[in-house]
Structure formats: C-alpha cells, structure tokens
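The values are calculated or read from the model by the stated rules, or taken from the named source; none is laboratory data. A quick note: this is a predicted structure, and the numbers were derived from the prediction, not measured. Here the Cβ positions follow ideal geometry from the backbone for every residue, glycine too, while neighbour counts run over all protein chains shown.
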Amino acid sequence: MVTFAFLDWLWLILYILLMVGCGALFYRLGKRSQSDFFLAGRGLPWWLPASSVYATHTATDTPIWVAGVVYKYGLSGLWYAFFAAWCAISAFVSTRIFRRSLAYSQAEWQSLRFSGLGAEMLRGWVAGWQVFMNMFILGWVGIAMGKLCNMLFGWDLWIGLVIFTSIGAIYVLMAGYWGVVMADFQQGVIALLVIIIVSIWGVMAAGGPQTIIDKLKTYNSTCEWRVPADTQDGAQGLLRISDSGTSEVLGASALPFTFSNAFDEARYVETADGVKKYVQNTHESETNSLILFPSDADVLYTGRDYTIVWKASEGKRLVNVEYSTDNGATWIMIDENHQNGQRWRINPLSFTGSFKGQFPVAWFVTMLFIALLGGFGMGTNIDWYTEAQRIQSAKSVRDASYSIWAGTALVLVRNSIWAAAILGFFILFPHLASSAEYEMGWYVVGFKYLPIGMVGFLFAGILAIHLSTVSTHINLGAMYATRDFYHHYVNPKASENRLVVVGRLSTFIILIGSFIFGTIIGEEITQWLIFALWIMAAGIWLPNILQVIWWRFNSWGYLSSWIANLGLSWLVVWILPRFGIIPELPDYMQFWLLIVLNALIYLPVTFLTKPEDMDHLVSYYVMSRPIGFWGPVRREAIKQGLL
Amino acid sequence: MGFIRREWTAKEADEWRKEDWFAIILSASSYVLLTIGSALSFLLLPVGFVILGIGIIITILMYWIIDPKLKTISTEYEKKQKEYLLQLEEIQKWEVEK
C-alpha cells in the first residue's frame with residue numbers, strides 16, 4: 001500500500017482534469033461527421049497518429065510483460081517484444097496500400113479487395129471479431145488497473161476497473177477519435193517522461209550502470225525450477241551441473257536435500273529470501289561445493305518455484321542442469337543448454353544453440369521472419385487493427401507511413417529503456433523464482449524508490465498509459481459496430497448525425513461489455529483467449545500477406561484459411577500431442593507446421609473457386625496500387641485506359 | 001540521375017521501385033539497431049552509443065531515399081481522394097444497390 005501526499009493528489013487531479021477537458025475541447029469537432037468521430041476527419045499530421053500508436057501500445061500490462069521477459073532472458077528478452085517491428089516494412093508497404101484504399105476499418109477493406117458474398121461474409125466476420133476483441137482487451141487492461149489499485153490502495157478490483165476506464169470513456173463519448181488522438185499525444189509525452197524518470201531511478205537504485213555491469217560479471221549462476229507436483233513426499237534429491245558440449249560433470253550436490261508436500265509458507269518465503277545472498281556471491285567461500293542452493297539443510301516444496309544457484313565456472317558458457325530422486329541412478333533434465341553465470345544478460349544476442357535452450361537461433365530467426373515479413377500483409381499482427389485507424393486518420397499517404405514508423409520506433413526504444421531498469425531490478429532482487437513477483441519489477445522500482453511527491457506523478461503516468469489504451473479500444477470497437485454493422489447492414493441510408501449518435505451509443509455499450517468481461521476474466525479464460533490470439537497469428541499469417549500481394553487469392557481461400565486454422569491449431573497445439581501422435585512442439589515449430597498444414601487447405605480452395613470479379617479487382621488496383629503479383633489485373637487496367 | 005532517384009513523376013512514383021526496397025531493408029535494420037543501441041546506451045556502454053549512432057544514420061538515409069517518392073505519391077493521390085471517397089461510399093451501400 002502507498003500513501004499519497006498533497007503533491008501526489010495534485011498531480012493526479014490535474015491530470016484527470018486535463019484528459020476530460022480534452023473531450024470537452026474537441027466536442028464540436030467530434031460531432032461533425034462519422035469521419036470526424038472515427039478518423040478525426042482524415043487530416044492529422046504524422047506526429048499525432050504516431051504519438052497515438054506509441055501511447056496505445058503502452059498499456060498497464062506492457063511493463064509487466066517486458067519486465068517478465070527481460071528478468072528471465074536478460075537483454076535477449078527484448079526480442080520477445082520485437083514483434084512490433086512488423087511496422088518496419090508495413091510503414092512503406094501495407095500502410096501505403098491501406099491508406100490509399102480509404103477503408104475506415106480492416107473489415108471494410110475486405111469488401112474493397114474482395115467482391116460478392118465472400119467479401120460480405122469476411123466483412124461481417126472481421127467486424128464481429130473486432131467488436132469482441134476490443135471489449136475483451138478493454139476488460140483485460142481494465143482489470144490489470146483494478147489489480148494495481150488493489151495493490152496500491154487496497155481497493156476492490158472493480159473500483160479501479162470501473163473508475164479509470166470510465167474516465168477514458170467520457171472524452172471518447174464527447175469527442176470520439178479527436179478526443180482519443182489529442183489525449184494520446186499528451187498521454188504519450190507524460191508516459192514517456194515517467195518511463196524515463198522511473199527507469200533512471202531504477203538504474204541508480206542498483207548503483208548505476210557500471211555497477212550493474214560489474215555485478216552481472218560476478219553474480220553466481222541461476223536457473224528457475226518449479227519442483228514437479230508429483231514428486232514423492234520425503235524423497236531425497238540431488239542436483240548436478242554438466243557441460244552442454246562435452247557432458248563432463250562439473251559438480252553435483254554433496255549431500256541430498258529433501259522434497260516435501262506439506263507446504264509451510266513462512267519457511268518457503270524465508271528460504272526464497274535466503275537465496276539472494278547465494279546469487280550475490282557473498283557466501284561463495286563458505287563451501288567447496290559447486291552448487292550453492294539447494295543444500296542438504298533445505299526442504300523444497302512440491303509444485304513451488306525455486307531459484308537454483310551454482311558458482312559460475314570460468315570458460316563454461318552453456319551447461320545442463322539435472323536432478324535425481326534415486327541417489328544419482330537416473331537424472332532428469334531441468335534445463336538444457338542453460339547459460340552459465342550472469343554476464344550473458346547484457347548480451348542481446350546470447351544464443352543457447354541452434355534449437356536448444358531458452359534462446360535458440362531457430363526461435364530468433366522465426367521471430368524476425370514473423371515480425372518483419374508480416375509488414376507485407378494486413379492483420380498479421382493483432383495491433384494492425386488499431387494501427388489501421390491511425391493510418392486512415394493521417395492527412396496523406398506520406399504522413400500515414402511516417403506515423404506508423406515513428407510510433408513503433410518509439411515503442412521499441414521504450415522497451416529498451418525499460419530493459420535497462422529491469423537489469424537494475426535484477427541486481428537488487430536476483431533471487432525471484434516466481435514470474436508473478438518479478439513481472440512487477442518496474443512498478444516496484446517506481447513505488448519503492450521514487451521520493452514522496454513523485455509517486456502521484458508516477459500514478460498519473462500509469463493512468464496515462466491506461467487511458468490511452470482504453471480510449472483507443474472503446475472508439476475502435478464502436479467504429480466496427482457503427483460502420484461495419486449498423487451502417488452497412490442495418491441502416492445504409494443513415495445521416496451523418498445519426499451515425500455519430502450510434503457511434504456514441506456503441507461506445508457506451510462496449511464500455512459496459514468491457515466491465516462484464518473484466519469482472520469474469522480469470523486465469524483459465526485468459527489462457528483460452530491467449531490461445532485464440534495464437535490461432536489468429538499462426539495459421540492465417542501467410543493468408544494475411546497473400547490477400548495483399550496476390551491477385552488470385554480470393555475471398556473463399558481467405559475464409560477457408562480462417563476456418564481451417566481454427567481446427568488445425570487445436571490439433572497441433574493440444575489434441576495430437578495429447579494422443580502422442582506428434583511430440584509437444586515449441587511455439588516456433590507449431591508456427592511452421594500450421595503454416596504448411598493450413599496452406600494444404602486454402603490453396604486448393606482458392607484454385608477450385610473462381611477469381612474475384614476482374615472489374616472489382618481493377619478498381620481496387622487502380623486506387624490502392626498493391627505490391628506483388630498483380631500482372632493480369634494491371635494489364636486489364638492498362639487495357640481499360642485507367643493506368 | 002544517380003543510383004538513388006530523388007525526382008519522380010506521379011506515374012513513376014506509383015510503381016514499386018528499388019528505392020522502396022532500400023527503404024524496407026534500411027527500416028528493418030534501423031529498428032534492430034535502435035532497439036539494441038538504446039538498451040546498451042542506457043547502461044552507458046560505448047558499444048551501445050556506436051550501435052545507436054549507426055541506427056540513427058540508417059534512419060536518416062532511409063528518409064533521404066524514400067521521402068521524395070512518398071511526397072510525390074501523396075500529392076498526386078490527394079487530387080484523386082475525393083473521387084475515391086465517393087466510390088467508397090457506393091461500395092459501402094452495396095446492400096441498398098442490390
């Protein structure tokens with residue numbers, strides 16, 4: 001719990017007034033037309049949507065995610081957050097094509113690119129999915145805010161969820177996307193300032209940059225381990241460390257430690273805290289054993305997380321960590337190709353082999369492939385749908401390109417600033433074995449080390465981070481509901497005034513829907529929905545590119561890829577491994593397998609059905625000028641005298 | 001005319017040319033370098049400043065190559081945008097027309 005001083009409250013109240021004032025200020029602009037309410041009249045200079053890209057993709061759960069991967073993987077963890085780099089290519093390819101199409105949303109683009117019944121079905125599907133997704137994301141980030149308020153002030157979860165999401169809704173209801181983008185600019189500036197200040201504080205709290213680097217060179221080796229829940233109560237355990245390349249055993253437990261399933265929280269916490277000194281090297285001279293924790297005096301509780309600690313052997317970069325419960329007769333792998341010592345944490349390219357370990361080259365190559373080449377398509381990344389709105393709100397093709405490029409560059413640099421602070425956090429707390437603890441690292445640095453009077457500034461920054469995300473998703477969800485459902489299917493003759501009223505009503509309904517989602521989101525539902533996101537990303541990754549670059553790819557091929565992917569991903573991720581037909585594959589291998597299997601379905605469907613109507617394709621081509629394989633359409637456009 | 005073209009007609013700028021591919025490659029490289037360079041610079045490592053500096057130079061080079069083409073595309077497209085918006089509204093009302 002934190003206590004706010006007068007200055008803290010002042011920061012917070014001033015900030016909330018500024019945000020709500022934004023809505024009032026742009027109220028008149030927002031109500032002019034549908035285009036103003038959802039795209040700020042398509043007249044924004046590049047830096048406004050750029051700041052919105054940056055602010056929207058800085059949510060309350062983003063520092064939790066970045067802290068988690070950087071604490072676990074060192075600076076290599078930055079690559080887990082590098083998927084945003086699809087914008088490197090998108091800024092100059094799919095952004096340009098999409099901006100030229102003038103479609104309000106990705107759902108609308110489907111009816112420009114494809115024609116007939118297939119296009120209508122795709123538009124309805126994408127719009128429905130996006131209304132649901134925006135409500136879900138709002139619920140997700142809303143409940144994250146609820147949890148933070150619970151941690152800071154002891155409030156019930158729903159209070160933080162409802163109050164702070166509603167503040168965002170006020171200015172979205174009043175001014176639509178004008179309110180979102182203007183507030184995003186201020187929020188982006190405030191959030192960046194807070195991130196820099198807190199991160200500098202974090203680095204300094206750890207003793208400064210040089211101290212962090214020096215300590216990483218001297219700290220002992222660590223490896224996270226969740227003791228298997230089915231380990232026999234009272235069993236005796238041994239650990240051993242061996243060279244990954246030669247299998248030479250470098251050292252093993254001299255005496256066994258004990259497993260127990262009679263959990264004692266006080267003793268567990270005491271043991272976990274005691275591990276800190278072993279990592280920090282202060283007790284190295286007290287034992288001749290290579291393994292510092294666990295030792296014979298320790299009891300390890302089954303199903304719990306621990307940090308194994310051993311001395312960093314010179315000249316050994318990769319080691320295998322194993323345990324035995326039968327006095328060394330058989331050994332079970334805990335981690336293969338684990339990095340020795342801690343200095344690897346400052347190397348962003350500290351690979352653990354071609355296919356093995358926590359950071360294999362194969363994973364890195366797959367990540368670069370997905371992240372960068374995805375920029376040729378539309379919808380290859382879940383963030384595309386929010387960027388699409390920013391792209392259309394820019395005043396020209398050039399402004400759209402620069403807004404996407406610059407906003408994402410700032411996102412990547414922000415991740416790097418966080419990463420430096422999290423290395424500082426690791427120096428201070430190197431013993432944390434539970435992700436739930438170290439994922440809160442950046443927030444802990446802020447609330448623990450900032451001076452009084454600045455805590456309110458930090459909270460205002462967190463609020464900025466939260467509001468920028470929720471306001472975007474409220475407005476975006478309302479756009480799909482209004483433009484792609486109401487205007488397209490219910491009332492195509494609706495006046496501009498009517499559409500703005502429906503836009504506001506949709507905003508309100510999405511807000512209420514997000515509260516319901518937020519209060520029911522539990523661990524299990526979240527896991528299922530993360531799986532749903534994974535489904536979206538893997539099997540339809542290539543079709544999302546093909547729809548942009550290949551004229552012959554038709555609506556039935558694209559639709560079949562969505563449907564096939566739904567079934568195939570279940571098979572590959574869960575069902576086939578469960579029956580032992582295929583092994584449990586790492587995520588990057590699942591990606592490649594789904595790419596191939598899905599293509600075996602949508603390619604035949606594409607070739608067995610007719611191409612899109614040529615006049616429709618010519619019209620789209622002349623307007624959007626897509627990249628790739630559009631030869632027959634181009635020739636037809638020339639023949640018709642349109643090029 | 002040099003290897004990198006910096007003056008475009010509207011028709012030429014609409015085509016995908018080598019300048020677009022240079023921009024794509026430089027853009028991806030600069031993202032990688034800015035990410036690594038920023039993290040290492042924040043830790044005051046000299047190699048970080050070098051990487052960050054290269055990243056910034058590549059970004060400027062990317063801008064220098066692609067900006068004239070983007071400007072021409074934008075200027076030309078804005079002239080046609082009004083007509084395209086009307087066309088878009090027709091497609092939007094597809095159901096009514098039927």
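With the structure loaded, tell me whether residue A:483 is within 28 Å of residue A:50 (Cα to Cα) and among the charged types (D, E, K, R) or whether it fails that test.
Considered against the rule, which asks whether it is within 28 Å of residue A:50 (Cα to Cα) and among the charged types (D, E, K, R), residue A:483 comes out as yes.
Suppose we filter A:97, A:89 for residues that are more than 9 Å from chain B (Cβ to nearest Cβ), part of a helix (DSSP H, G or I) and either under 21 Å from residue A:407 (Cβ atoms) or over 16 Å from the mean Cα position of the chain (by Cα) (or both); which single one remains?
Selected residue: A:97, the only one of A:97, A:89 that is more than 9 Å from chain B (Cβ to nearest Cβ), part of a helix (DSSP H, G or I) and either under 21 Å from residue A:407 (Cβ atoms) or over 16 Å from the mean Cα position of the chain (by Cα) (or both).
Which residues, counting only those in region A:374-398, are charged (D, E, K, R) and touching a strand residue (DSSP E or B) at 6+ places or on another chain (Cβ under 7 Å)?
Hit for region A:374-398 is A:395, nothing else.
Return the residues of region A:112-124 that are of a type outside the set (A, V, I, L, M), within 10 Å of chain B (Cβ to nearest Cβ), farther than 19 Å from residue A:38 by Cα and crowded, with 21+ Cβ neighbours inside 10 Å; say none if nothing qualifies.
A:115
Table: residues versus (1) of a type in the set (A, V, I, L, M); (2) surrounded by 14 or more Cβ atoms within 10 Å (Cβ to Cβ); (3) out of contact with any helix residue (DSSP H, G or I) (no Cβ under 8 Å at 6 or more places or on another chain).
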site: A:3; (1), (2), (3): no, no, yes
site: A:6; (1), (2), (3): no, no, yes
site: A:11; (1), (2), (3): no, yes, no
site: A:15; (1), (2), (3): no, yes, no
site: A:19; (1), (2), (3): yes, yes, no
site: A:22; (1), (2), (3): no, yes, no
site: A:33; (1), (2), (3): no, yes, no
site: A:39; (1), (2), (3): yes, yes, no
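So which residues in region A:576-601 are part of a helix (DSSP H, G or I) and more than 28 Å from the chain's Cα centre (by Cα)?
Those that are part of a helix (DSSP H, G or I) and more than 28 Å from the chain's Cα centre (by Cα): A:600, A:601.
In contact with an Asp or Glu (Cβ under 8 Å, 6 or more places away or on another chain) and either outside any helix (DSSP H, G or I) or surrounded by 24 or more Cβ atoms within 10 Å (Cβ to Cβ) (or both): which single residue out of A:422, A:404, A:391 fits that description?
Exactly one residue qualifies, and that residue is A:404.
Going through region A:67-86 one residue at a time, which ones are facing chain B (nearest Cβ under 8 Å) and either without any contact (Cβ under 8 Å) to a residue 40 or more places away in the chain or buried (at least 24 other Cβ atoms within 10 Å of the Cβ) (or both)?
A:75, A:85, listed by residue number.
I'd like the residue in region B:14-30 that is part of a helix (DSSP H, G or I) and acidic (Asp, Glu) and, out of all such residues, is nearest to residue A:412 (Cα to Cα).
Checked region B:14-30; the qualifying residue nearest to residue A:412 (Cα to Cα) is B:20.
Does residue A:568 count as more than 21 Å from the chain's Cα centre (by Cα), in a helix (DSSP H, G or I), modelled with pLDDT of 85 or more and not assigned by TED's automatic domain parsing to the domain that holds residue A:92?
Spelling it out, residue A:568 is indeed more than 21 Å from the chain's Cα centre (by Cα), in a helix (DSSP H, G or I), modelled with pLDDT of 85 or more and not assigned by TED's automatic domain parsing to the domain that holds residue A:92.
How many of the residues making up region A:360-377 are away from chain B (no Cβ under 14 Å) and touching a Phe, Trp or Tyr at 6+ places or on another chain (Cβ under 6 Å)?
4
Which of the numbered conditions does residue A:210 fail, given that it passes all the others? Conditions: (1) touching a helix residue (DSSP H, G or I) at 6+ places or on another chain (Cβ under 8 Å); (2) within 13 Å of chain B (Cβ to nearest Cβ).
Here residue A:210 meets the rest and fails (1).
Kindly check whether there is at least one residue in region A:323-343 that is in a helix (DSSP H, G or I) and either away from every other protein chain (no Cβ under 13 Å) or within 19 Å of residue A:84 (Cα to Cα) (or both).
No, that holds for no residue.
I'd like the residue in region A:432-463 that is within 18 Å of the chain's Cα centre (by Cα) and crowded, with 19+ Cβ neighbours inside 10 Å and, out of all such residues, is nearest to residue A:181 (Cα to Cα).
Per the stated criteria, the residue is A:462.
Whether any residue in region A:133-143 is surrounded by 16 or more Cβ atoms within 10 Å (Cβ to Cβ) and more than 30 Å from residue A:108 (Cβ to Cβ) is what I want to check.
Taking every residue of region A:133-143 in turn, at least one turns out to be surrounded by 16 or more Cβ atoms within 10 Å (Cβ to Cβ) and more than 30 Å from residue A:108 (Cβ to Cβ).
Could you identify the single residue in B:9, B:59 that is hydroxyl-bearing (Ser, Thr, Tyr), surrounded by fewer than 14 Cβ atoms within 10 Å (Cβ to Cβ) and farther than 24 Å from residue A:629 by Cβ?
When all the criteria are applied, what remains is B:9.
Looking at this structure, is residue A:149 in a helix (DSSP H, G or I) and within 29 Å of residue B:15 (Cα to Cα)?
No.
Please pick out the residue among A:127, A:107, A:103 that is within 14 Å of chain B (Cβ to nearest Cβ) and either on the phi > 0 side of the Ramachandran plot or outside any helix (DSSP H, G or I) (or both).
A:103
Taking region A:593-643, which residues are aliphatic (A, V, I, L, M) and in contact (Cβ under 8 Å) with a residue 60 or more places away in the chain?
The answer is A:617, A:623, A:627, A:633.
Could you grab me the full set of residues in region A:606-624 that are more than 10 Å from chain B (Cβ to nearest Cβ), under 36 Å from the mean Cα position of the chain (by Cα) and of a type outside the set (Ser, Thr, Tyr)?
Of everything in region A:606-624, those that are more than 10 Å from chain B (Cβ to nearest Cβ), under 36 Å from the mean Cα position of the chain (by Cα) and of a type outside the set (Ser, Thr, Tyr) turn out to be A:607, A:612, A:617.
Can you name the residue in region B:7-52 that is among the small types (Gly, Ala, Ser) and more than 22 Å from residue A:368 (Cα to Cα) and, of all such residues, is nearest to the other protein chains (Cβ to nearest Cβ)?
B:41
Across region A:625-643, which residue is surrounded by the fewest Cβ atoms within 10 Å (Cβ to Cβ) among those that are more than 11 Å from chain B (Cβ to nearest Cβ) and not in a helix (DSSP H, G or I)?
A:641
Give region A:619-643 a look and list any residue that's among the β-branched types (Val, Ile, Thr) and within 20 Å of residue A:556 (Cβ to Cβ), or say none.
Result: A:633, single match.
Quick one: which of A:203, A:194, A:189 is assigned to a helix (DSSP H, G or I) and within 14 Å of another protein chain (Cβ to nearest Cβ)?
Within the list A:203, A:194, A:189, the selection yields A:203.
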